[in-house]
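Working notes for the structure below.
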Amino acid sequence: MAYVNGFLVAVPTAKKQDYLEMATLASQVFKDHGAIQVVESWGDEVPDGKLTSMPMAVKAEDGEVVVFSWVMWPDKQTQASGMQKSMEDPRMKFDPAASPFDMKRMIYGGFEVILDV
């Protein structure tokens, strides 16, 4: 069964194009190393919560939008190998200070797909 890496970040609205350029490059790297799908979703209806919410999870600030993205892999073994190769790929080397979002507030995880309809 497939395996998914999920990511949640807060991106300043003014840096949407910068983020999209970075994400486009990263998606090609992931696909070159075995990913079968990469999706980037720009928040449109992401409400603040009282106890929990996506904006609270990434400590979104005024002028930031929550971005939800995922990378789908055919299986966990391909993900482990592909993610390692992706992180070692020279195309993924960039100055963290130049990132279009605060990487310290990124939330990510790996998930085994249990339903795909």
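The values are calculated or read from the model by the stated rules, or taken from the named source; none is laboratory data. All values reported here derive from a predicted model rather than from experimental measurement. Ideal geometry is used to build each Cβ from the backbone, glycine not excepted, and the neighbour counts take in all protein chains shown. SASA here: full protein model, heavy atoms, side chains in, ligands and nucleic acids out. Shrake-Rupley method; radii C 1.70, N 1.55, O 1.52, S 1.80 Å.
Numbers for the structure displayed
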{"read-out": "Viscosity 0.890 mPa s, temperature 25 °C, Stokes-Einstein D of the chain from Kirkwood C-alpha radius, µm²/s", "value": "163 µm²/s"}
{"read-out": "Gyration tensor (alpha-carbon) shape descriptor, segment 35-86, a/c threshold 1.5", "value": "prolate"}
{"read-out": "Cα-based Lys pair tally, the chain, threshold under 15 Å, eight or more apart or on separate chains", "value": "6"}
{"read-out": "Per-selection Kirkwood Rh - segment 73-112 (Cα, Å, 1 d.p.)", "value": "12.1 Å"}
{"read-out": "Of the trypsin sites (Lys or Arg not before Pro) in segment 25-117, those whose Cβ has at most 14 other Cβ within 10 Å and which sit in DSSP loop", "value": "50, 59, 93"}
{"read-out": "Assigned charges on the beta-carbon of Lys, Arg, Asp, Glu; segment 52-92 dipole about Cα centre (debye)", "value": "200 debye"}
{"read-out": "Accessible area in square angstrom per residue, segment 36-97, 1.4 angstrom probe", "value": "69 Å²"}
{"read-out": "Given the chain, longest segment not containing exposed loop GluC sites (Glu not before Pro) (DSSP; at most 16 other Cβ within 10 Å)", "value": "62-117"}
{"read-out": "Sulfur and carbon atoms: percent of accessible area, the chain [1.4 Å]", "value": "57 percent"}
